[in-house]
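One structure is given here, and the rest of the page talks about it.
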Amino acid sequence: MTASPLRRARRADLPALAALWSELVEQHATLDAAFALRAGAAAALEAELARELDDADHALFVSDADGVPVGFCAVQVQHGPAVAVEMHRAEITELVVARSARRAGRGRALAEAALAWARERGAARVEVRVAARNPSGQAFWRSLGFGAFVDVLDRRL
């Protein structure tokens, strides 16, 4: 498998990106059932990606192997209230690399592209949510300089 440079997503990529996103969700569902998709929800992933593709405050970056998307990263800029010191922040909402294409620096390259995009748009910082029960995800993000900011606590009802 030969890697291509990263690029921005195109409409033609949406089915492949939705499949990768499904793979990510399935992996997280093994950590906690709260991450699982509802029956029939997989089709909605493609629609959500299409919405993000059309939104100037979102970016989708793709990593190809032999012309086929094997990884993607979604990032969005969020605008703070006019009274806040922090006017813009970003959030990397999704990052996935197909199992067959991991350990080749694709995830890191995708994250770096998202960070550069956020910086260009004036974001003061970037957030990422990573499951507490995902030690490899925790280690990946920490290796990129991310650290604890806000603890999200939950209580099942």
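Taken together, the values in this text are just the output of simple stated rules run on the coordinates, not laboratory data. Not measured: the values here are computed from a predicted model. Glycine also receives a Cβ, built like all others from the backbone with ideal geometry; neighbour counts cover every protein chain displayed.
Laid out as a table, the results:
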read-out	value
For peptides 122-129, 38-45, 68-75, 133-140, sequence by mean Cβ density within 10 Å, most packed first	68-75, 122-129, 133-140, 38-45
Within the chain, helix-based [θ] at 222 nm, where runs of 4 or more DSSP H residues each add -39,500 (n - 2.57), nearest 500	-10500 deg cm²/dmol
Residues E112 and E86, FRET efficiency given R0 of 25 Å [Cβ-Cβ distance, rounded to 0.05]	0.70
